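We did not get these values from a lab; they are worked out from the coordinates using the rules stated. Please read these numbers as outputs of a predicted model, since none were measured by experiment. Glycine also receives a Cβ, built like all others from the backbone with ideal geometry; neighbour counts cover every protein chain displayed.
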Amino acid sequence: MKKRFILDTSVLLHDPDAIFNFSDNEVILPIIVLEEIDQFKKDVSEKGQSARHVIRYLDDLRSHGTLSKGVKLANGGTFMIDLSIQEMRELPVEVSWGRRAQNIILAVALRHKRESKSRPVILVTKDSNLRVKGDALGLTVEDYKFEKFNVDDLFGGTREVSATAQQMEALFEKRSLQIKGVEFYPNEFTVLKDSSQPSHSALVRYNGQTESLVPLHGIKDGIWGILPRNVEQSFAMDLLLNDSIKLVSLVGKAGTGKTLLALACGLAKTVDQGLYKRLLVSRPIFPMGKDIGYLPGDVEQKLNPWMQPIFDNLEFLLGGSRTDKARFVHRGYQELVNRGMLNIEPLTYIRGRSIPHQYLIVDEAQNLTPHEIKTIITRAGEQTKVVLTGDIYQIDNPYIDMSTNGLTYVIARFRSQSIAGHVSLIKGERSDLADIATKIL
């Protein structure tokens, strides 16, 4: 049975192509949604980009018919703009007070439910409060579930596998091992345990091209003073230092070392080895793309409050402290910036750029939508490596959650690609206090 979906503004700002993702059903957009979209069209943020994209394809749809009467979509569905000016009597007086846009959308949905006898009417919104209000009014309401992933089934990037003593011996002799009957994802890491002596184990990565398990690259002297403190950190550094892997995603709670490891390996590849022209570090200024002109000073001064976690990690890697070596740290950081080897900037200005030969680190990537994360990754030019770090359990964006954020989207979509790798960091290494607090608070 065909259904009738009524979309809220938040859905189109989250995914500007949303109207094409409802199969052969009816999609209805209340006219008040266009009014709200219009308010965003001049923004330099991703919301502004989404708003302009929506307006462009709606303008294109006009050539296929009258939008107020409905036009056919390529997927077999229909799209219509509801132009009716709803009387708020559809709603209880407590809800209709103020004639907010959300309440008008609720009124439109209630009228369609009352008038539609043959097909279900569903209100779709990313706004959890609107879903609650709609449910209380007797509407069928849903979150926008396109590309929603089950976090419990999310690819972790690691596993344990038992091996015979002969297989362990062959691995150390040939530096390669093929195990039949076990399916691995490209660049998936494995703790290979000797079945005859469980205390004997080896850390290996699955090479999708040779279809074999290979040992990790040894890190004897550390990377900018950093040595892995646990198995997952060893896996992460192997990905970060592997030049053939162009996309790395690191997920973990606070204090697991995601950002520190990424910065250390980025500095090693850029400053020490010269394989990349620049280490480019960024993080969302939440809300993403908010005009930083509200803060005084030049761009660098405006970014300081947002980028302080990055500065803290750089400070640590450069060997200084806030007390006795702060001046030395500042010189070291500024020297890298002056030489053009290090750049820290907001994601606001990344759209439209091509970023070749750079080591790009995007911190707090869990606050990005799938559309935003696509915008970032598609900026990568020739010989650029992209590293995404974040904690999917700490999301500040009100319109995404751990199942619909851009970082989860990338992990699920790229797990079968030999060009990408992922590791979930588990153990906190910041301090005993921080680790305990993360677990019990």
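Taking only Cα atoms, what is the 0 to 90° angle, nearest 10, from helix 31-40's long axis to the longest principal axis of the chain? Long axis of 31-40 versus the principal axis of the chain: about 40 degrees. Among the lysines, which have Cα under 28 Å from the Cα of Lys113 when same-chain residues fewer than 8 positions away are ignored? Reachable lysines: Lys2, Lys3, Lys69, Lys72, Lys126, Lys133, Lys145, Lys148.
Label-to-label distance, Arg52 versus Lys2, with points set 7 angstrom from Cα along the beta-carbon direction: 3.5 nm. Compare the Cα positions of Thr164, Pro215, Asn25 along the charge dipole of the chain (+1 at Cβ of Lys, Arg; -1 at Cβ of Asp, Glu; about the Cα centre) and return the one farthest towards the positive end. So the residue we want is Asn25. The residue among Ile55, Leu130, Gly76 whose Cα reaches farthest toward the positive pole of the charge dipole of region 4-142, with charges on the beta-carbon of Lys, Arg, Asp and Glu, is Gly76. Stretched out straight at 0.36 nm per residue, the stretch from Asp153 to Ser244 would grow longer than its current Cα-Cα span by 30.1 nm. Of the trypsin sites (Lys or Arg not before Pro) in region 388-434, the ones in a loop by DSSP (not H, G, I, E or B) with at most 16 other beta carbons within 10 Å are Lys427, Arg430.
Taking the Cα centre of region 1-59 as reference, the dipole from Cβ charges on Lys and Arg (+1) and Asp and Glu (-1) amounts to some 80 debye. Here the calculated FRET efficiency for Glu345 and Thr210, from their Cβ-Cβ distance with R0 = 30 Å, stands at 0.20, rounded to the nearest 0.05.
Principal-axis analysis of the Cα atoms of the chain puts helix 299-317 at an angle of about 30° to the longest axis. Spin-label pair Ser354-Leu275: with each label point 7 Å from Cα along the Cα-Cβ axis, the two points sit 2.3 nm from one another.
Computed from the Cβ-Cβ distance with R0 of 51 Å, the FRET efficiency linking Met402 to Phe172 stands at 0.80. Here the chain is assigned +1 on the Cβ of each Lys and Arg and -1 on the Cβ of each Asp and Glu. Its dipole about the Cα centre then comes out at about 660 debye. Mean separation of Cα pairs under 8 Å and 6 or more residues apart, divided by the residue count, gives the chain a relative contact order of 17 percent. Helix 165-174 and the long axis of the chain differ in direction by around 80°, with both axes built from C-alpha atoms.
FRET efficiency for the pair Ser201 and Asp221, taken as 1/(1 + (r/R0)^6) with r the Cβ-Cβ distance and R0 = 22 Å, rounds to 0.40. For region 184-191, the Karplus equation 6.51 cos²θ - 1.76 cosθ + 1.60, evaluated at θ = phi - 60°, returns couplings of 10, 8, x, 6, 6, 9, 9, 8 Hz by residue, with Gly and Pro reported as x. For the listed peptides 112-119, 273-280, 336-343, a ranking on the average number of other beta carbons within 10 Å per residue, highest first, reads 273-280, 336-343, 112-119. Each label was represented as a point 7 Å from its Cα along the Cα-to-Cβ direction; for Lys145 and Asp312 these points are 3.9 nm apart. Protection proxy ranking of 39-48, 255-264, by the mean of other Cβ atoms within 10 Å over each peptide's residues and highest first, is 255-264, 39-48.
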